Amino acid sequence: MSNYAPVEPIPGPHEWAPTATLPPEITLRLLADIDVIAQRMTRRIASELALPAQFRSIGYLRSVTVACRDALRTLVRLLRDGRGLRTGDLQRLGSMGAQQAEMGVPLEVLLAAYRLAARVVWRELIGESAGLDMLPRATVIAVTGQVLEYLDEISGAVGSAYLETRERLMRRRDLDRDRILQRLVAGDVSPELRRLAAASDLDLQPPYLVLACSIATDEEGALEAALRPLGVLTVGDQPGTWIALVPGRTGAARILDEAERAAAEAGTVRWGIGPVAAALEDVAEAARRAREALQVGARLEPAARVWDDAAVGVFATMATDPESMRRFVGHTLGAVLATPPSRSGPLLETLEALLATPSLNEAAAALGLHRHTVVYRIRRLAELGVDLEAPAAPHRFWLALQCLRLLPEGG
């Protein structure tokens, strides 16, 4: 017997009342012909339905015949004995839906087969006998109702078991895929991992553009649903971060656009763009650089939403040596940082505005200050050793500001 999860009994109004009965001579004939009728049903299913090629094998069609035989025998006995459909019958027959889900039969094929089988059942059990006037009209009407209700009950039980099993299989498949991708991102490219990927229908075909993504937890499902049709493989990475492997044929711009559409609120998705992984062996390193681009870029340019490793990767390398950055910042801006925060903060903001704009007037406008206030701060910066007129000074001070952002707690 099947070891699938049993279908829950259908309560109350749907419990079967005692059925109308068929005459003994008819039920005996039907029971004797069960195998022939079941085979006939199978042939019609095979000939009239567009079954996928893998479900036209002798083994699969034999399983269909077995299911038809079981359902027919149960129905005939119900109509012979006049008893209702019992919970055990419903659970046993409904398990066929779980079996079909395990085999990968499309639900639309399964339902079409049941519709076709219903026509065959009615003709074999009732139509022929009624046409030969072997059944009184009242019995035909009563038995027809019982047969239709029986088929509805079985179809519902099969459909329920099918959907429950498919959902369980999909969850298991997704968990298996996640474990495989997590191992890949961590650097595992062993033959075992490749075998597991093939067994899980996970087609790993580099090159991949590797992205790191930060997104709110309640938006992760929408993001994954938007990217999966594009062939993008996504996997949870660190808390709050996902890694996306984008097939070589799909551009990063399209992925970012789809992610924005999927996000429930504009601007909640942040991306780090890593390099292209030409082979599976390159995925882990590309993921590391994409992750660092996301983390470092968020510190350097908090207002941005996308940071490319090609642009910020050098800062990620610098961030691995905070002590050297701290010494450089102290040497370049130490006198400014030694003043109380109420003074050092405005001076650093002014320095940044001066480096980001072409003129003093534009710096004042960007800061929302009067020009004379900016002139005063420039003079104060010069007293603290920040002279922007010296050769290469703007580059040195700009780099010091970037290092200051990268240091834990701002230094």
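Values as computed for the structure displayed
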read-out: Filtered residue count, the range 292-318, keeping only those that are at pLDDT 90 or above and open to solvent by less than 40 Å² (accessible area, probe 1.4 Å); value: 11
read-out: Residue within the range 136-145 that is more than 42 Å from the chain's Cα centre (by Cα), within 16 Å of ILE26 (Cα to Cα) and either acidic (Asp, Glu) or modelled with pLDDT of 75 or more (or both) present; value: no
read-out: Residue satisfying condition, being within 52 Å of the chain's Cα centre (by Cα) and loosely packed, with under 14 Cβ neighbours inside 10 Å, within set HIS370, HIS395; value: HIS395
read-out: Matching option when the condition is of a type outside the set (Gly, Ala, Ser), surrounded by fewer than 16 Cβ atoms within 10 Å (Cβ to Cβ) and assigned to a helix (DSSP H, G or I), among ARG171, ARG177; value: ARG171
read-out: Any hit, the range 104-117, residues being under 23 Å from MET170 (Cα atoms), open to solvent by less than 40 Å² (accessible area, probe 1.4 Å) and not in a helix (DSSP H, G or I); value: yes
read-out: Test: residue in the range 242-257 that is within 18 Å of VAL312 (Cβ to Cβ), surrounded by fewer than 21 Cβ atoms within 10 Å (Cβ to Cβ), at pLDDT 90 or above and of a type outside the set (Val, Ile, Thr); value: no
read-out: Extreme residue, modelled with the lowest pLDDT, among residues of the range 181-212 that are over 25 Å from GLN295 (Cβ atoms) and open to solvent by less than 60 Å² (accessible area, probe 1.4 Å); value: SER200
read-out: Conditions (1) out of contact with any Cys (no Cβ under 8 Å at 6 or more places or on another chain); (2) assigned to a helix (DSSP H, G or I); (3) open to solvent by less than 30 Å² (accessible area, probe 1.4 Å): number failed by GLN54; value: (3)
read-out: Filter result for LEU294 (of a type outside the set (S, T, N, Q), touching a Cys at 6+ places or on another chain (Cβ under 8 Å) and under 23 Å from PRO206 (Cα atoms)); value: yes
read-out: Some residue of the range 366-374 being among the small types (Gly, Ala, Ser), over 28 Å from GLU292 (Cα atoms) and in a helix (DSSP H, G or I); value: yes
read-out: Qualifying residue in the range 213-225 (condition: in contact with a strand residue (DSSP E or B) (Cβ under 6 Å, 6 or more places away or on another chain) and either over 25 Å from GLY297 (Cα atoms) or open to solvent by 30 Å² or more (accessible area, probe 1.4 Å) (or both)); value: yes
read-out: Single match in GLU383, GLU389, GLU323, GLU362 (criterion: within 28 Å of ILE273 (Cα to Cα) and not small (Gly, Ala, Ser)); value: GLU323
read-out: Residues located in the range 64-88, provided they are among the polar types (S, T, N, Q) and either touching a residue at least 40 places away in the same chain (Cβ under 8 Å) or not in a helix (DSSP H, G or I) (or both); value: THR87
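The values are calculated or read from the model by the stated rules, or taken from the named source; none is laboratory data. Everything numeric here is computed off the predicted structure, so don't read it as measured data. So basically every Cβ, Gly included, is an ideal-geometry build from the backbone, and we count neighbours across all protein chains shown. Accessible surface is based on the protein model in full, side chains and every heavy atom, while ligands, DNA and RNA are left aside. Shrake-Rupley method; radii C 1.70, N 1.55, O 1.52, S 1.80 Å.
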